[in-house]
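Okay, so here's the structure we're looking at.
Please treat every number below as a calculation from the coordinates, not as lab data. What you are looking at is a predicted structure, and each value in this text was computed from that prediction instead of being measured. Here the Cβ is made from the backbone with ideal geometry for all residues, glycine too, and neighbour counts use every protein chain on show.
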Amino acid sequence: MDIKDYFRTLFENKLLVKMPEKEEDHLTPATKLLEKRREMGEVETALAAEKEEFQMKMESLAQRRIELEKKEMQLKESVIKFDKFLKENDAKLSRAVKKAEDERDLQKAKQKEIERLQSEIESLTTLKEKLQRKVQKNSKFNRYLEQSVEALDEFQEIREVIDRYETLTTNYKDLLEIEKENQERINDSRKELNTYLERKNYEILTMNNELAELQTKLDSCQNESHKAENEWNHIQTTAAGKTLLIGETRMAIRNLYQLVMAHHGKNSEKNVDVDTDHQLKKVQEFVNDLTKITNELSREGLAYYSTGSIN
């Protein structure tokens, strides 16, 4: 509720105060008006006092709000400073923790390096002792090599004997490797040969099957050829008769065509080279025309006889 609503409510409450009913009954309108004016004055005085009091409260509240805002700003600054302080402490703590962890990791790494070096020293010591025992064990071979050099004129030093041994050993290994490669080539060639033989055997088998099928087809074709030859002979024998029949038919068509041409008063000798289909077409047209004329004459004759009977 703002200040306007406050004064409006207060003023309405003041105006709603009623006089006792018994006194109003004896008051004149002028007295009532004066009474209302007096009440209005009291209300205005009360409103002014209330307004002044409200104004003072509002100023006090505004001053308090300003103080609260200042305190809030101071509190925010304190919180920011404290947060910054906490972050700096966290950062310092993180750096300290990381430094401590790094130092521990470095210490562990150095300890592992020390342990590795100690293990390596132990291994080297063991190897040294083993080599010393081996040298003592092989010293007899050294004496043997010295005696061999003294006995043989080919070598002057033990190193030459060892070099010759290493050379022979290397050559032997090379020969073994070459033999191994040759054996692998032989195995590969043997596999290729077996594969080739299997493939060729399969091709031979396939060709034999195809040859048998072709032989069967050849026999069948020969049988069909004999049948076809017999049929051709029959066709040739029959064709001679059909050729004769066709010739006679064409001669008959030609004769009919000449009769038709003669009927139309045309010289048929000029149309000797006309094909048989054309001749047959002309004969058919003539026959059709003749049939139509005959039918018309028949209808006229029937009509004539019918008329005569009626008379």
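Tabulated data for the structure shown
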| item | result |
| --- | --- |
| For the range 185-263 and the range 30-63, distance of Cα centres in Å | 138 Å |
| Cα-only Debye scattering, the range 129-254: base-10 log of I(q)/I(0) at q = 0.12 Å⁻¹ | -0.84 |
| Inter-label distance, nm, simple model (7 Å from Cα along the C-beta direction), Val135/Glu285 | 13.8 nm |
| Stretch gain in nm, segment Lys110-Leu176, where the contour uses 0.36 nm per residue and the Cα spacing is subtracted | 18.8 nm |
| Summed side-chain charge close to Glu181 - residues other than Glu181 whose Cβ falls under 13 Å, Lys, Arg +1, Asp, Glu -1 | -2 |
| Residue pairs, from the table Lys32/Lys57; Lys112/Lys140; Lys134/Lys173; Lys242/Lys282; Lys242/Lys281; Lys110/Lys134, whose Cα atoms sit over 31 Å apart | Lys32/Lys57; Lys112/Lys140; Lys110/Lys134 |
| Length released on extending from Asn201 to Ala49, taking residue separation times 0.36 nm less the Cα-Cα span | 41.5 nm |
